[in-house]
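The structure appears right after this line, and notes come after that.
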Amino acid sequence: AASVQVQLVVPITVVFGPGSVPRDLPRPLPFRDVQEMEISVNLRTSVTSRYEMLYRSATGQEEAALAAVTAREADTALHPLQDTTLGSLTMYVVPETSSLLPQGTNVYVGKHRSALLRAGGSLAVLQARLRQVTQVMSFTASSIAAALSDRVPDGQLGPDARRYLKSSLGYEITFSLLNPDPKSHAVDWDIEGAVNRYVKPVLDKLSLVANFSVDSQILYYAVLGVTPRYDKESSSFLLSAHSLPHVINPVEARLGSSAASLYPVLNFLLYVPERSHSPLYIQDKDGAPVSTNAFHSPRWGGIMVYNVEAPASPQASLPLHVNVDMARVMEVFLAQLRLLFGLSREELPPEFLLERPGNEGLADWELDHLLWAHTVENIATVSTTLTSLAQLLDKIGNIVIKDDVASEVYRAVAAVQSAVAKLSLGHLHAAFQASKEAVTSSEKAFFDPSLLHLLYFPDDQKFAIYIPLFLPMAVPILLSLAKIVRETRQRKKEPTKMD
């Protein structure tokens, strides 16, 4: 693969509130400091992270905002005063004794691009906290390694690295309701209302990352490929963790969405179990019930089992009318969507408090987290695509490169160089846009139809195709030539008559 060298620059402003300046600062405020870190990928891929810090005192407006009663109020008041450029961060330092942060919490991460930190007494403690927060809010070594998972040796990758969706220009989301027993259950779900209320705000925010399309379907008589086990104690049916992978294939055959899709498809399935298998519960690896009664499959989607309460009287008329509680269902599906995009929040230290992102489904800094990873992944993808194209053209000697293919290659190279340059300036949004353009151009060049027929017909195949066509014509010609040769030889042998 081609070599990739990227420097990721994160502009960070560290603002000291009243009474929070450490005594051991190396020089008076304001001053600048730079911290660099190498992220090891492989010999041909080097990624350097560079944190450019500006340390300064709080302004009067910022001091007033920091005088709020709670961290959430302070975060809301500080937001209009911040630099809201994508990829930039603002850290507000409060005194060690501050009551803004709850007891036992040293770091509060807001839902925009800022955090509140306790001073920690000395510069060394503060810098250690700053390092932790900046990595949570921008990118970690593991998130960059996951983005470059194709280039990282298997042994170095964490268990989650290949779970996340690959970077794409678009994604298709399909919500499917599976009703295997329509004779017993007449299921109503307000999917349109639920998508507008819960999914649309999240996708509007993610529209910077990619284009999204959403559709829905109801499938009748679609059953899971696994027969659940009956448990006498709880008088319910159980699906164990090891049988979950076998559930997906039979169901997927009925979905029919991914076959005609240009982009990766995310499937979210709501399964209402048939009456003979109700209620149905999912068990984890330890045999404990899963609280959401749902599971997700990396890079594919998720399935939630929705149990219907049995009728009060056995004589109740069938089918039972079921109104799905969409708030409960969408909470699970949106959590699975976050997991698929690698936005889970599990690896945080206990003294961190993260603000819930609210209706938008993800915080501003989480959006940046995605953009950092996708930009790096796009740059690596383009370099691999162009290298493969160059190797291919080297192998096929008689290939003709049309001008429009050549111009797409030049455009892809220029866009990648622009993306790398913009990253080294800390301009995340511009770098991401350039990396997307580079992907589009490199794929247009690689999959250009004028190159395709030459890929499939190398010289030896051409002979194999044309010889059967020319052979019938060649036989009489060769026979005629042989006859002419014979006749001329005979003529030479016959003695000439002398008069």
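Suppose every K and R has +1 on its Cβ and every D and E has -1 on its Cβ; what is the size of the dipole of the chain about the Cα centre, in Debye to the nearest 20?
Value, rounded to 20: 1820 debye.
Report the one residue of Ala390, Ala186, Leu423 whose Cα lies farthest in the direction of the positive end of the charge dipole of the chain (charges on C-beta: Lys and Arg +1, Asp and Glu -1; origin at the Cα centre).
Farthest towards the positive pole: Ala390.
When the accessible area of segment 321-431 is split by element with a 1.4 Å probe, what percent falls to carbon and sulfur?
Its accessible area is 56 percent carbon and sulfur atoms.
Sorted from largest to smallest, which semi-axis lengths in Å does the alpha carbon gyration tensor of segment 182-276 give for its equivalent ellipsoid, taking the root of 5 times each eigenvalue?
Calculated on Cα positions only, the semi-axes equal 30, 17, 14 Å.
Extension gain Lys232-Gln417, at 0.36 nm per residue separation less the Cα-Cα distance, in nm? If you can, show how the numbers build up before the last one.
Numbers: separation 185, 0.36 × 185 = 66.60 nm, distance 6.44 nm.
Extra length available between Lys232 and Gln417 comes to 60.2 nm.
Add +1 for every Lys or Arg and -1 for every Asp or Glu among the other residues with Cβ under 13 Å from the Cβ of Ala119, and state the total.
+1
Pulled fully out, how much extra length does the chain show between Leu469 and Val485, if you take 0.36 nm times their separation in residues and subtract their Cα-Cα distance?
Working it through step by step, the gained length comes to 3.2 nm.
State the extension gain, in nm to one decimal, for the chain segment bounded by Asp404 and Asn359, taking 0.36 nm per residue of separation less the distance between their alpha-carbons.
The Asp404-Asn359 span can extend by a further 11.7 nm.
Can you classify segment 36-89 as rounded, prolate or oblate using the Cα gyration tensor, where a ≥ b ≥ c are the square roots of its eigenvalues, rounded means a/c under 1.5, and otherwise it's prolate if a/b beats b/c and oblate if not?
Numbers: a/c = 3.60, a/b = 2.91, b/c = 1.24.
Since a/c reaches 1.5 and a/b is larger than b/c, the shape of segment 36-89 is classed as prolate.
Which entry is the computed Rg and Dmax of the Cα atoms in Å for this structure: (i) 32.2, 138; (ii) 24.7, 90; (iii) 22.1, 65?
So the structure-derived entry is (i).
Just the Cα atoms of segment 367-451, one point each, no solvent: what log10 I(q)/I(0) does Debye give at q = 0.19, 0.20, 0.22 Å⁻¹?
Here the Debye-derived log intensity ratios amount to -0.76, -0.82, -0.93.
Take each of the peptides 167-176, 199-208, average the number of other beta-carbon atoms within 10 Å over its residues, and list them starting from the highest.
Details: 167-176: 19.4, 199-208: 16.6.
Descending mean neighbour count gives 167-176, 199-208.
Could you check the spin-label model distance between Leu29 and Phe447? Points 7 Å from the Cα along Cα→Cβ, value in nm.
Computed distance between label sites Leu29 and Phe447 equals 5.3 nm.
Magnitude of the Cβ-charge dipole of segment 170-341, K/R +1 and D/E -1, about the Cα centre, nearest 20 debye?
220
Using heavy-atom solvent-accessible surface (probe 1.4 Å) with all chains present, what is the largest-first order of Tyr466, Tyr164?
These residues rank, largest area first, as Tyr466, Tyr164.
Can you give the calculated 222 nm mean residue ellipticity of the chain, where each DSSP H run of n ≥ 4 adds -39,500 (n - 2.57) and the sum is split over every residue, rounded to the nearest 500 deg cm²/dmol? Write down the numbers at each step before the final one.
Working: 13 runs with 191 residues, N = 499.
The per-residue figure over the chain is -12500 deg cm²/dmol.
Quick one: accessible surface of Ile379, probe radius 1.4 Å, all protein chains present, in square angstrom to the nearest 10.
That residue has around 10 Å² of solvent-accessible surface.
Not counting ligands, DNA or RNA, and with a 1.4 Å probe, what is Met473's accessible surface area in Å² rounded to the nearest 10?
Only protein atoms counted, so the area is about 120 Å².
From the square roots a ≥ b ≥ c of the eigenvalues of the alpha-carbon gyration tensor of segment 216-359, which class results: rounded (a/c under 1.5), prolate (a/b over b/c), or oblate?
It comes out prolate by the Cα gyration axes.
Helix 459-493 sits at what angle to the longest principal axis of the chain, using alpha carbons and giving 0 to 90 degrees rounded to 10?
Taking Cα atoms only, the helix is inclined about 10 degrees.
Looking at the chain, send over the antiparallel percent of its DSSP beta bridges, to the nearest 5.
30
Express the accessible area of the chain per residue in Å², computed with a 1.4 Å probe while the remaining protein chains stay in the model.
53
Counting only C-alpha contacts under 8 Å and six or more residues apart, can you give the relative contact order of the chain as a whole percent? Write out the running numbers ahead of the final one.
Details: 775 pairs, mean separation 82.0, N = 499.
Relative contact order, the chain: 16 percent.
How high is the relative contact order of segment 1-151? Use alpha-carbon pairs under 8 Å, at least six apart in sequence, and give a whole percent. Provide the component values of the computation, followed by the final result.
Numbers: 245 pairs, mean separation 40.0, N = 151.
Dividing the mean separation by the residue count of segment 1-151 yields 26 percent.
Tell me, what is the percent relative contact order of segment 367-451, built from C-alpha pairs under 8 Å that lie six or more residues apart?
44
To the nearest 10 Å², what's Phe447's accessible area with a 1.4 Å probe?
Around 120 Å² of this residue is reachable by solvent.
Could you list which residues have their amide H under 5 Å from that of Val41, counting only those 5 or more apart in sequence or on another chain, with H placed in the peptide plane?
It is Val47, by chain and number.
What does the charge count around Glu443 come to, taking other residues whose C-beta lies under 15 Å from its C-beta (Lys +1, Arg +1, Asp -1, Glu -1)? Intermediate values should be presented prior to the final figure.
Values: positive: Lys166, Arg411, Lys436, Lys444; negative: Glu377, Asp404, Glu408, Glu437, Asp448.
Net charge in that neighbourhood comes out at -1.
Put +1 on the Cβ of every Lys and Arg and -1 on every Asp and Glu Cβ in segment 282-401; which of Val324, Thr292, Pro350 then has its Cα farthest towards the positive end of the dipole?
Toward the positive end, the furthest listed residue is Val324.
For every other residue with a beta carbon closer than 13 angstrom to the beta carbon of Ala65, add +1 if it is Lys or Arg and -1 if Asp or Glu, then tell me the sum.
-3
Compare Ser441, Ser407 by solvent-accessible area with a 1.4 Å probe and give them largest first, with all protein chains kept in place.
On the way: Ser441 10, Ser407 45 Å².
From most exposed to least exposed: Ser407, Ser441.
With labels modelled as points extended 7 Å from the Cα through the Cβ direction, what inter-label distance (nm, one decimal) is found for Lys285 paired with Arg299?
Inter-label distance under the simple model: 2.0 nm.
Please report, in Å, the Rg and the Dmax of segment 317-374, where both are computed over Cα atoms only.
According to the Cα coordinates of segment 317-374, Rg and Dmax are 16.4, 56 Å.
The values are calculated or read from the model by the stated rules, or taken from the named source; none is laboratory data. All values reported here derive from a predicted model rather than from experimental measurement. Heads up, the Cβs are rebuilt from the backbone with ideal geometry, glycines too, and the neighbour counts pull from every protein chain shown. What goes into the accessible areas is simple: the full protein's heavy atoms, side chains included, and nothing from ligands, DNA or RNA. Shrake-Rupley method; radii C 1.70, N 1.55, O 1.52, S 1.80 Å.
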